[in-house]
Amino acid sequence: MKRMLYVSIGRQKRWSYGVQGNLFAPRIKAAGYDLVYFATTDNMGAPYFDQDNILTLGGRREPRGNDVYAHHMEWTRADFSLGFNNCWTMAASVYRKYPHAHMEPVDSEPMRPDEYRVLLDGVRWPIAISKFGERVMREAGFDPMYVPCAVDSKLY
């Protein structure tokens, strides 16, 4: 069984990436992955198991978790990580050391220079979450996978 470190904000957040984490994490686990959730900006305390029995790790001093990402990858012995947040918050120098897939919400045309730099220098597998993002990423020279952003049909 492959172990994945899912990197985003905490699932208790009821907006944006927290909503996406709530939709993706249980499905990733159900698909057979040994999932560990890294809530980068939350849970500055001890690890805990959430409502779906998914081990959740927190950040530390640096506000986006860059200071503990490598530790979490090593401690969990994750085969790879999957991130879903704004890549400009990531330290490419840290992420490039590990196999990392990243779901990037591209929201400008052309891509912002900071997005381009992090995707180029720190991400092994870029993922577009919209057809717009896929097109803009391809125009910037990337070969992204396309995985649509999740929607909770009970909320919308």
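The values are calculated or read from the model by the stated rules, or taken from the named source; none is laboratory data. Source: prediction; values computed, not measured. Every residue, glycine as well, gets a Cβ built from its backbone with ideal geometry; the counts of neighbours run over all protein chains shown. Note: accessible area is taken over every heavy atom of the protein model, side chains too, but ligands, DNA and RNA are not part of it. Shrake-Rupley method; radii C 1.70, N 1.55, O 1.52, S 1.80 Å.
Anything in segment 36-53 that is out of contact with any Phe, Trp or Tyr (no Cβ under 6 Å at 6 or more places or on another chain) and outside any loop (DSSP other than H, G, I, E, B)? List them, or say none.
Of everything in segment 36-53, those that are out of contact with any Phe, Trp or Tyr (no Cβ under 6 Å at 6 or more places or on another chain) and outside any loop (DSSP other than H, G, I, E, B) turn out to be Val36, Phe38, Ala39, Tyr48, Phe49.
Can you name the residue in segment 49-63 that is of a type outside the set (S, T, N, Q) and open to solvent by 100 Å² or more (accessible area, probe 1.4 Å) and, of all such residues, is nearest to Phe24 (Cα to Cα)?
Ranking the candidates gives Phe49 first.
When you check Lys29 against the structure, is it open to solvent by 50 Å² or more (accessible area, probe 1.4 Å), in a loop (DSSP other than H, G, I, E, B) and in contact (Cβ under 8 Å) with a residue 12 or more places away in the chain, yes or no?
Judged against the criteria, Lys29 is not a match.
Being open to solvent by 10 Å² or more (accessible area, probe 1.4 Å) and modelled with pLDDT of 95 or more is the filter; apply it to segment 79-92 and report the residue that is farthest from Ser16 (Cα to Cα).
Asp79
When only residues in segment 108-144 that are farther than 21 Å from Tyr69 by Cβ and acidic (Asp, Glu) count, which is surrounded by the fewest Cβ atoms within 10 Å (Cβ to Cβ)?
Among those that are farther than 21 Å from Tyr69 by Cβ and acidic (Asp, Glu), it is Asp143.
I'm trying to understand the selection: among the residues of segment 118-148, which are aromatic (Phe, Trp, Tyr) and farther than 15 Å from Ser108 by Cβ?
Result: Trp125, Tyr146.
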